[in-house]
Structures are given as C-alpha cells and as structure tokens.
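Accompanying notes for the structure given below.
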Amino acid sequence: MTENRMVFRGTQELEIESPLIIAPPKRLSPPPPTFVDDRPPVLLFEQVSKWYGPVIGVNQVTLELRSGITGLVGANGAGKSTLLRLATGQLKPQMGRVSVHGVDAWDWQAKRHVGYCPDVDVFYEEMSGRRFVLTMARLCGYDRREANRRTEEALEQVGMRDRADRKVRGYSKGMRQRIKLAQAILHDPDLIVLDEPLSGIDPVGRQEMLELFMKLASQNKCLLISSHELEELEKLTEHVAIMSRGRIAAVGTLQTIREMLNDHPTTIRIDLEQPRELGRLLIDSPDVVGLEMPSDRTLIVKAKNPKQFFRTFAQLVMEEDFAIERLEPLDDSTHAILGYLLGGSGKT
Amino acid sequence: MNSTPRAPSPVRAWFFLIGFAMRRQLRVRQLVILAVGMLVVATGLVVFVTQTIGWGMMERVMRPGMPTNAEVLDYVEVSFPPNPGSAMVSTLVGGILDTVRVSDATFIFPQLSRWVVFAVFVGFLMPLWTLSFATSAIGAERESRSFIWMTTRPLPRSAVYLAHFFAVLPWCLGLNLIGLFALCAAGGPSGQEAFRRYWEATVFGTIAFTALFHFIGAIFRRPAVVALLYSFFFETLAGDMPGTLKRLSISFYTRCMMYDEARKWGFEPERPEVFQSVGLETARWVLIGTAVVLTAFGMWWFARSEYKDDL
C-alpha cells in the first residue's frame, strides 16, 4: 500500500466536540511522513457543514486526504454519503469549503480529478456495459479513439472486458458494480470516491475488487471508500474515518483508535431493578472509573477499555442473573466507534 | 491508463452530450406515443369535418331536418333560371348567389384558422407536445435517477442545461411543425395556405415554450404536472382574458404573429379592441427574448442547484 495520510486541521475545535479524534494518526508501517508537502491535498474538507433543512448531514468536518486508501465507516444516516457527495461536487456545503487539488469540488474542473462510483444502482439500462462506459468517456471530452482506448482499459481493469457487450439490465449486482467502477477510473482521476462498492458482490468478486483497489492505491491514487463493514475495509487499509451523526467521531489507524478507545472512558446507562447491587459488583472491576445512580432503577457507569468491560459485565449479569431492562452508551461518538470496533453494524 | 494522453475537451463533450441527450429523447416512448396518438385523433377529426360539413357555410343547415345552405342556393338557382325576358331579375339573383359563394370561400380560411389552428393547435396541442418533450429533457433523467452521470462529468452544469435544451428543441420543433402540417393538410386547400402562413409563428412559439418547459423540468420534481397546470390555467385562461395579463402568455404572441399573417385573408381577432394585438416584429422579439432570458436564467439556476432526489 502506498502513502496514506490523513491530517486533521482545527483539531482544537474538534477536540472540544469530539474527544476521540486523534491528530495526526500514528502509523504502524511505514512511518508517518514528516515532510511538508507544498502541493494542495487531493481532497480537503475545511470545517464543512451541510444541512438538509433542519437535519444535519455533516457537521464541521475537517479532513485532508492525500494518496492511499481511506475507509469511511458509519451506520445508516451517519453522513457518509453526504460527505462523499460533497467530495464529488454533487452537493455544496453551507459552511466551510471542500476542494480537490485546491479547486472547489463544486467546480466542473475539479471533476477532472475525481472518479465517483455512487451507491445508487442506476444505469442507462438499455445500453451494453461497454457502450455505457464509452458514453461516460465521451462525456469526459475524449475523442472517439481515445474514448475507446480508455473504455477497453477500464473494462480490463475491472475484469469486464469479455462480458461488456451484454445489456446492463441483464447484469448481476457484482457486474453492475464493476461497470460503475470502470466509469469512475476511465479518466485516470487522482481521487476515486467509492460509495459502498462491495455491496452485493460475491466473495470471489470482493477479493478481486479489493485487489483492484490496492492496485489503484499503489498507482498513487487517493481512494475514499465508504462501507458499512469495517471488516472489509480492514483488509484494505488501516486508515479509517468513523462517522456518527454527521461528525467524524474518530480518524486514524484502527490500532490507534482502539488504543485511544481503551484510554477514553465511555459512559453507559444501565436500567435494572437492583442498580445498587450491580454497582457494588462493578466497582471492583479495574475498568470501571466511575459510578452514578441518578434514580432507583438506573446506574450510570464510566468505564475504560470497553471491550474488557463489556466482557466482565456480561459475565456478571449471567452469574448474578440481573434482569437488564436497558443498556445504552451515552456518548454518541463512542457508541459509533464501539459498534464498529466490537464488530457490530454501528448499533451497540 | 497512462499511455499517450489526449487532452479531453469540454467542447467536444458538450457536443456529444447534445447528440446523446437527443437520442435519449427517443426513449421517452410513452410521450411519443401519446403525442402521435393525439396528432392522429386531431387530424382524423379535421379530415372528418372537411369531408362532411366542411369549414364553410354551404354544408350547414339552419335547423335539423332542413336542407343545407348549398341545397337552398341550388333551389334558388333552379327557381330563377336565366330568362331573357326578365334579365334584371336573373342578373340580380345570379349576383346574390355568386356573392354568397365567394364570401363562403373566404369564410373557410378564418374558420379553419379559428378552430383548427388557434383553438386546437395553439391552445392545446402545441403546448402539450412541447411540454411532453421539454419537461423530460432533465426531468426524466432526474426521475430515473440517472442524472448523476451528467453531474459527475467534467462539464460546467450550465453547459449541461444548455445542451439538453438544444437536444430537445429539434424534437419539439419537428413534432409541432409536422403536427401543424398534418392538421392543415387535412383541412384542404385553405389548410395548406394556413400552414404557409402560420409555420413561422409556430417555430417562434415552440422555441419560447421549449425554453419555458425545459426550465420547469429543471426546477420541479413533477415538471409535467406543473407544466400542464401552467398551460391550461395560465396560457388558455389568461391568453383569452381582456386586459394586459395575457401579455405574459407565450400563446398570445404566437397568435399575434399568426393574426398578422392572416390579416391579408380577412382573418382578425373577433374583438380586436379586447385582444389588443401587438405587431409582428414585437411578437417575434418577445418570443425570442423570452426563450433567451429563460434559458440564460435556467443555466444560472441549474449551475447553482443541488439535486437531492435520491437522498
């Protein structure tokens, strides 16, 4: 994998809002680049906010991407698609600025540097895969010969060259994803934005796609890939941004996030009939750093090392036969991160 | 992807987009079928009227069961045969009959114009045909959610809007001119004269309507409904109302151009003081100006608009 660098700017403000953000991320290998790159970053979000009426899509996001693969994870409605659409110039931020190679992402010239594989499964169904990719190439402004050449190369890269003459409407989900990817890479963009590119693809296809992403990254491309599944992204990259409620809850290497999460106490509300008894047992746990009992049936626990804490908690509940009525992490960011790092779908 | 780079050209992309969007209009099969269906029905009706009662007064009857006006004239002619003994009476009757027949011939053109061209074509079919194509130029792409492929290409958004306008314009012009020709041809020789006189106004009116409906297609989620409401509530009602409100309607200026051409044939608005027609040049400039302003505003609007149809 090639250089992958995410830098956070304005971390002071972000730290106030979300203490889980780490800047800059620690690297396992290779070591973090310490040089100052004068070139504008491939993708830059500067304090970007976007609302849909009263609903917030993304909230004060600051993010800088250069080359390599960055995974973007988050539950449904976390703001992933909005962030990607801002990056590809489909949406305009109400606050802040999004730029690609220093050019405003909304500007048509920025789109020369961006390849976008959207999550919507929409094509010109009556076309063949080859015709569709060729049309997209022509719409990029290439003459017929060059468009043909690029189409064939892109189809070759996604492994669809020999199957591209069939109508798109007859394609499987995996083949459709590949065609979408082919149109995204045909103009050789520096930034490739992929929204749920692995959904609906069989395991063999997934492996091929992952290899293709790695290959693109090795060509010094910057890939921003969103997914529900952290597990899939982990095969590709150590670098992830976790989104929750429009904010980037955490960003960095998975290891750094895990370490940070262990140090950062998370707050959990537990409703049950005997909160005092449970509290008495939990206080002995080295992971519990604080307890509070706001009512006769509620216990608020502050715990670090959440993975270990939940293991202990589950054991206690089983052994002592506590009837838990409600279990809710109160810190939203932590909630999201826990969801992904503990292997769930973002919903703990 | 790294071999001999050839610079992409936005101009080339724009011309390709025009051709592509033009071909895409063929996919709007339902609308084409609907438009052709309406053309067939309307032409059939005109043929029926032309072949049965005609557009003049000769085949009409005063009351059901009574002879037609032509039969009455024939009866009069037979009742007063040329008689050298009463040459004065014969000349008088012959003169009256000739006058009636000539005035009937000049009545056909205005009648055909009023009912076929003004009421059916300008008042109904022209806006309907135009909106069925123009609103779908961007509207159909939005509805099918394939519009994303346009907005992710390295083309200025205003250029995308303009390309779709140019792509849809030939369809609208073609359909309206073919439609007008078919309706007029079905009306007989006077109809053919009507086509010669009215095709230019049809071209100008179509361009203005196309610009308007294309703009509506870009800003509303259900553009066909909005355009239909506009056509039949504003163009039809306001276009016929006294006062100056009708000067905001496109069909008013189209009619003004047509009246200007038809005046030589003795066809004028029923109540010129109410209609308050404008001159040919004014009407022409207003229609072209409307198209230019609406398209320019549409480009500006479109370049700033986000489409969140699938969010």
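Just so it is clear, none of the values below were taken in a lab; they were calculated from the coordinates. Quantities reported herein were computed from a predicted structural model and do not represent experimental measurements. Positions of Cβ are generated from backbone atoms using ideal geometry, with glycine treated the same way; all protein chains shown enter the neighbour counts.
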Open item on the list: Just want to confirm a number: the relative contact order over the range A:6-253, from Cα pairs under 8 angstrom separated by 6+ residues, in percent.
Closed with: 27 percent
Open item on the list: Restricted to Cα positions, what overall size does the protein assembly as shown have along the principal axes? Three whole-Å values, descending.
Closed with: 140, 68, 42
Open item on the list: Neighbour counts of other C-beta atoms within 10 Å: give me A:TRP108, B:TRP115 arranged from fewest to most.
Closed with: B:TRP115, A:TRP108
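Provide a whole-number value for the mean count of partner chain Cβ atoms within 10 Å of the Cβ atoms in peptide A:136-149. Display every interim value, and only then the final one.
Working: counts 3, 4, 9, 14, 10, 15, 7, 6, 2, 1, 5, 4, 0, 4.
Other-chain Cβ atoms within 10 Å of each residue's Cβ, averaged: 6.
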Task: Lys/Arg +1, Asp/Glu -1 at C-beta; the protein assembly as shown dipole; positive extreme among A:LEU155, A:ILE179, A:SER49 - done: A:LEU155
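Kindly provide the helix-only [θ] at 222 nm of chain B, computed as the sum of -39,500 (n - 2.57) over DSSP H runs of four or more divided by all residues, to the nearest 500 deg cm²/dmol?
Details: 13 runs with 207 residues, N = 311.
Calculated at 222 nm, the ellipticity per residue is -22000 deg cm²/dmol.
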Task: Inter-label distance, nm, simple model (7 Å from Cα along the C-beta direction), A:ASP271/B:ASN83 - done: 11.3 nm
- [ ] Indicate the helices, whole DSSP H runs only, in chain B that combine a mean Kyte-Doolittle hydropathy of -0.5 or more with a Cα extent along their long axis of 30 angstrom or more.
- [x] B:29-51, B:87-112, B:157-186, B:189-219, B:280-304
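What Kirkwood hydrodynamic radius do you get for the range A:73-136 when you take the inverse of the mean 1/r over all pairs of distinct Cα atoms, in Å? Write down the numbers at each step before the final one.
Numbers: mean 1/r = 0.0738 Å⁻¹.
By the Kirkwood definition, the hydrodynamic radius is 13.5 Å.
Would you kindly state how much longer the chain becomes between B:THR282 and B:TRP199 on full extension, computed as 0.36 nm times their sequence separation minus their alpha carbon distance, in nm to one decimal? Don't skip to the end; give the middle numbers.
On the way: separation 83, 0.36 × 83 = 29.88 nm, distance 1.74 nm.
Separation in residues times 0.36 nm, less the Cα-Cα distance, equals 28.1 nm.
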Task: Near-label residues of the range B:140-183 by backbone N, under 19 Å of a point 7 Å along Cα→Cβ of B:SER9 - done: B:154-156, B:159-160, B:163
- [ ] Starting from the Cα of A:ASN262, step 7 Å along the direction of its Cβ; do the same at A:GLU325; then give the gap between the two resulting points in nm.
- [x] 3.6 nm
Open item on the list: Let's see if you can work this out: charge +1 on each Lys and Arg Cβ, -1 on each Asp and Glu Cβ, no other charges. What is the dipole magnitude of chain B about its Cα centre, in debye to the nearest 20?
Closed with: 1620 debye
Task: Mean separation of Cα contacts under 8 Å (6+ apart) over length of the range A:179-230, as relative contact order % - done: 50 percent
Task: Unit charges on C-beta of K, R, D, E only; dipole of the range A:265-341, Debye - done: 280 debye
Open item on the list: What distance in nm lies between label points placed 7 Å from Cα along the C-beta direction at B:VAL47 and A:ASN76?
Closed with: 5.6 nm
- [ ] First measure r as the distance between the Cβ atoms of A:ASP162 and A:SER295, then evaluate 1/(1 + (r/R0)^6) with R0 = 60 Å and state the FRET efficiency to the nearest 0.05.
- [x] 0.35
Open item on the list: Using a 10 Å cut-off around each Cβ, can you sort B:THR68, A:THR70, B:THR135 from fewest to most neighbouring Cβ atoms?
Closed with: B:THR68, A:THR70, B:THR135
Open item on the list: Give me log10 I(q)/I(0) at q = 0.26 Å⁻¹ for the range A:165-251, Debye formula, one equal scatterer per alpha-carbon, no solvent.
Closed with: -1.45
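Can you give the FRET efficiency for A:SER199 and B:SER144, using 1/(1 + (r/R0)^6), R0 = 22 Å, r = Cβ-Cβ distance, to the nearest 0.05?
After rounding to 0.05, the efficiency reads 0.60.
Let's test the formula: R0 of 51 Å, r as the Cβ-Cβ distance of A:SER172 and B:TRP115. What FRET efficiency results, to the nearest 0.05? Provide the component values of the computation, followed by the final result.
Working: r = 57 Å, r/R0 = 1.12.
Once the sixth-power term is evaluated, E becomes 0.35.
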Open item on the list: How would A:GLU238, A:GLU126 line up from fewest to most surrounding beta-carbon atoms within 10 angstrom?
Closed with: A:GLU126, A:GLU238
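Shape of the range A:265-341 from its Cα gyration tensor (a ≥ b ≥ c, root eigenvalues): rounded if a/c is under 1.5, otherwise prolate when a/b > b/c, or oblate? Before the final figure, lay out the partial values.
Working: a/c = 1.56, a/b = 1.36, b/c = 1.14.
Verdict is prolate for the range A:265-341.
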TODO: Label the range B:62-193 by shape, choosing from rounded, prolate and oblate, from the square roots a ≥ b ≥ c of the eigenvalues of the Cα gyration tensor; if a/c is under 1.5 it is rounded, and otherwise prolate applies when a/b is larger than b/c, oblate when it is not.
DONE: prolate
Open item on the list: Treating only the Cβ of Lys, Arg, Asp and Glu as charged (+1, +1, -1, -1), what charge dipole size does the protein assembly as shown show about its Cα centre? Round to the nearest 20 debye.
Closed with: 1560 debye
